[in-house]
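The block underneath contains the structure these notes are about, expressed in structure tokens.
Bear in mind that the values in this text are calculations on the coordinates, not laboratory data. Note that the structure is predicted; figures quoted are calculated from it, not measured. We place every Cβ from the backbone using ideal geometry, glycine too, and count neighbours over all the protein chains shown.
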Amino acid sequence: IFSSFSLRFIGLHVQNLRQMMKQILVVTAACVIIAVYYYHRGQSSTTNSSAHPTLSAEAIEKYTHNVRRRLASMDKFIDPQSISYKSKPDLSKNNIEEEVSFTRVLDQNKSEVKKPKAVLLIGPHKTGTTALQRFLMEHAIEITNDGYVMPWKLKSSGSANEFEFASCFLTGERVTKMKSRRNDICPDGELSRVEQLGREGKNILLSAESFSFVADVAAFADFLEPWDVSIIYFHRWYHDSLFSGSNQKRKALLKMKLDKFKKFTANRGSGILLNTLTDRFKHFCETNMTRPGESFRSFYRYKDYFDNVVTLDYDDPSVSITENVFCNGIKNATNTCNQIMQQKGGMAHMNEAQTLIYQNIAYGANQLAMASYCSKSQFDDVVKKIQDHQEGTLGLSSSNFPMMCLDK
């Protein structure tokens, strides 16, 4: 009885086990089928997205152009014995997927890429750029000995300010205003002149305050693809930069011819030069370049597209601008750095500080009919008499005049 009961129990248990195994096999098979389906679907999706993600036809064309340009130029920058070079695709076959895939291999093996160097001094304005560009002109031999070509030297303009090149990448309202008063906006052949240096594998050094105004940094980075780029950015204390910019505008007024000066100041009331500082304060606060909290705006724009963006402190009293650039900012500029250290003391400011107080008084006196002048020389004569009286007769200085605080 016991044996019969045991066999019956075991048989029932085995039958239940078989049914359970069948259910497990059915579920497993279903899972395998689903997994295989999504695996192949994922592979297909990855292949399509890697070749051409959901881009517009224009974007695909631009992307393809960038890829093919990198491939075409790699003969100069990559060792022919490298693994990447040996697997270089044949461009004549127009196999875009293969070309895009290959550029990703390049990105993963950046150590094989031997690009020339490009150093860009992007300013911004009022950070010693004028003096720095004068230094580039006066020490071109040392800079050349350090292995850098300055594109401006290939032209007859004789200015180290690469504005003409930088203007090729300016857009919007800024370039529209410039075109209305300048005829040197991105002249013919400007881009090809610099591009040729890339094809020749030359190291380049460029300086222009206008680089800080480039909004489409992506397009600029695309153009600079043949080079290993370093961006050098100077930061200056906000209020100091504000006052320096305002003072520069006021000095520009003084250089006007008298008739143009009077036309400019007509119906603006007396003390226009003094009031101009207030106007400039408001204007500068409304611009991106000097707005508090946004003085690093151009720095971050470049940081998004370039790996090496160096910030130097304009207000550091322990080092001159040139020493900061060539001994700290630019690596391996040995000849230029040594020359600077031998002439320790740095460089003078090109736009030296200048008080405009006596000019303000002379203009205000004219508006109040206390002084009369009809030419620039007569205006200068009135200014000199005021200064002689204050400093010679009274033994005081321009800082002894009572000043009005600007509106908050």
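Just to confirm a number: summing +1 for Lys and Arg and -1 for Asp and Glu over residues other than residue 220 whose beta-carbon lies under 12 angstrom from that of residue 220, what do you get? Present the calculation step by step, with values, prior to reporting the outcome.
Values: positive: 301; negative: 216, 222, 225, 304.
Charge balance in the 12 Å sphere: -3.
Find out how many positive minus negative residues lie around residue 182, taking Lys and Arg as positive, Asp and Glu as negative, among other residues whose Cβ is under 13 Å from that of residue 182.
Numbers: positive: 174, 177, 179, 181; negative: 164, 184.
Net charge in that neighbourhood comes out at +2.
Less than 12 Å Cβ to Cβ from residue 338, Lys/Arg counted +1 and Asp/Glu -1: what total charge do the surrounding residues give?
On the way: positive: 344; negative: 142, 146, 323.
Taking every Cβ under 12 Å from that of residue 338, the sum is -2.
Which trypsin sites (Lys or Arg not before Pro) does segment 111-185 hold that lie in a coil by DSSP with at most 13 other beta carbons within 10 Å?
Details: sites: 114, 117, 126, 134, 153, 155, 174, 177, 179, 181, 182; in loops: 114, 126, 155, 182.
Qualifying residues, ordered by number: 114, 182.
Among the listed pairs 126/179; 202/344; 177/331, which are separated by more than 26 Å between their Cα atoms?
On the way: 126/179 23 Å; 202/344 30 Å; 177/331 37 Å.
In this structure, 202/344; 177/331 exceed 26 Å between Cα atoms.
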